[in-house]
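Asker: Following this message is one structure expressed as structure tokens.
Bear in mind these aren't lab numbers, they're just calculated from the coordinates by the rules spelled out. Everything numeric in this text was worked out from a predicted model, so none of it was measured. Quick reminder, even Gly has a Cβ in these numbers, built from the backbone with ideal geometry, and neighbours come from all protein chains shown.
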Amino acid sequence: MSQDQPVSRERLAEMDARLSRLNQAWEEWEGELGEVQKRLEQAGMDRLEAAGVIHRRQVDGFRAGTAPLDLHELQEVLDELCSLYLKADQGQRLLMRGFFEGKQRVRKYLHSYIGGRAASRLRSTSETRWLDLGLAAASMCDQRVDWRDLLIALGKLWLAAEEAGFAPARHFSAVGRISNDEPVYGNRSTRELLRGFRTSAYLKSIKRKGGES
């Protein structure tokens, strides 16, 4: 994995601006859907049922390409940003982790990127770059979304790597070394989480369940 090379400031600024635009579009859309849900509940629909209707509308919007947010563009931005992160120097990696402050929607999507896009592409292409890109997303997220969801996403990525014929421990450790070494919200650091994932109780649990199925 190539790293510690300077990345263009202009390119990083462009990436940050695109993330901001995509995050704003997503938040505005969620606000509109939230108003629709309120009207459904006021009309007598059960809250959980109304939430289900809104979720289906969101999923259908992404699938049909009618959503005001271009999910494919977001994925492409994250592909490039994760690639740049792996090449950047320490100061730039710190800056790039900061890109996700105040961008709640795209930050939350990082888990879907790790366990969804990166894991799926790893299986279909057998290219280790997708393992590294998924791990870069985890490093940038830095446990700022529920760390339990992060474990699930990382577990999917690990299993996808093994199914593709790779030993993921070295990649987890390598990206762990360039991750934040400060404890997050009283938990262990992201560096510790990634470097120690291979011996984690969670990974042992999902591998045991896989062997039992």
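Asker: For Phe166, enumerate residues with amide H under 5 Å from its amide H, sequence gap 5+ or separate chain, H modeled in the peptide plane.
Answerer: Amide H neighbours of Phe166, under 5 Å, 5+ apart: none.
Asker: Separate question: When the Karplus curve 6.51 cos²θ - 1.76 cosθ + 1.60 is applied with θ = phi - 60°, which whole-Hz ³J(HN,Hα) does each residue of region 155-162 get, with x for Gly and Pro?
Answerer: Per residue, the Karplus-derived 3J(HN,Hα) values read x, 5, 5, 4, 5, 5, 5, 5 Hz.
Asker: So, counting K/R as plus one and D/E as minus one, what does the shell of residues with Cβ under 13 Å around Ala161 add up to?
Answerer: Counting the neighbours of Ala161, the net charge comes to +3.
Asker: Just to confirm a number: summing +1 for Lys and Arg and -1 for Asp and Glu over residues other than Asp146 whose beta-carbon lies under 12 angstrom from that of Asp146, what do you get?
Answerer: Local net charge: +3.
Asker: Principal axes first, then extents: for the Cα atoms of the chain, list largest minus smallest coordinate on each axis, whole Å, largest first.
Answerer: Largest first, the chain extends 55, 51, 38 Å along its Cα principal axes.
Asker: Using amide H atoms built 1.01 Å from N in the peptide plane, name the residues 5+ places from Val7, or on other chains, whose amide H lies under 5 Å from its own.
Answerer: Asp89
Asker: At each listed q (0.27, 0.30, 0.33 Å⁻¹), what is the log10 of I(q)/I(0) that the Debye formula gives for region 151-197 modelled as equal alpha-carbon point scatterers?
Answerer: Taken in order of the listed q values, log10 I(q)/I(0) reads -0.97, -1.07, -1.15.
Asker: Using r as the Cβ-Cβ distance of Ser8 and Ala167, and R0 as 35 Å, what FRET efficiency do you calculate, to the nearest 0.05?
Answerer: 0.55
Asker: Go through 145-156, 175-186, 103-114 and give me the packing order, highest mean Cβ count within 10 Å leading.
Answerer: Top of the packing list down: 103-114, 145-156, 175-186.
Asker: Same structure again: Assign one of three labels to region 171-213, namely rounded, prolate or oblate, based on the Cα gyration tensor with a ≥ b ≥ c the square roots of its eigenvalues; rounded applies when a/c is under 1.5, prolate when it is not and a/b is larger than b/c, and oblate otherwise.
Answerer: The shape class here is oblate.
Asker: Let me ask you something else. Kindly put Met140, Met45, Met15 in sequence by how many other C-beta atoms sit within 10 Å of each C-beta, fewest to most.
Answerer: Starting with the residue having the fewest Cβ neighbours, the order is Met45, Met15, Met140.
Asker: Still on this structure, please answer the following. Can you compute the FRET efficiency between Ala64 and Ser124 using 1/(1 + (r/R0)^6), with r the Cβ-Cβ distance and R0 = 30 Å? Round to the nearest 0.05.
Answerer: Computed FRET efficiency for Ala64 and Ser124 comes out at 0.85.
Asker: At 0.36 nm per residue, and after removing the present C-alpha to C-alpha distance, how many nm does the segment from Gln104 to Glu27 gain when stretched out fully?
Answerer: Answer, rounded to one decimal: 26.9 nm.
Asker: Return a single number: how many Lys pairs in region 88-213, at a sequence separation of 8 or more or on separate chains, have alpha-carbon atoms below 25 angstrom apart.
Answerer: 5
Asker: Under the Karplus relation 6.51 cos²θ - 1.76 cosθ + 1.60, θ = phi - 60°, what is the ordered set of whole-Hz ³J(HN,Hα) values for region 26-32, x standing for Gly and Pro?
Answerer: For region 26-32, the Karplus curve yields 5, 5, 5, 5, 4, x, 5 Hz.
Asker: Could you give me the ³J(HN,Hα) list for region 109-122, computed from phi with Karplus coefficients 6.51, -1.76, 1.60 and θ = phi - 60°, whole Hz, x at Gly and Pro?
Answerer: 5, 3, 5, 5, 5, 5, x, x, 4, 5, 5, 5, 5, 5
Asker: Round to the nearest 0.05 the FRET efficiency obtained for Ser205 and Lys38 when R0 = 41 Å and r is the Cβ-Cβ distance.
Answerer: Calculated value: 0.55.
Asker: Size of the dipole of the chain about the Cα centre, Lys and Arg at +1 and Asp and Glu at -1 on the beta carbon, nothing else charged, in debye to 20?
Answerer: Rounded to the nearest 20 debye, it is 760 debye.
Asker: Continuing with the same structure: Obtain the nm distance between the two label points defined at Ser20 and Arg47 by a simple spin-label model: each point lies 7 Å from its Cα along the Cα-to-C-beta direction.
Answerer: Those two pseudo-labels are separated by 3.6 nm.
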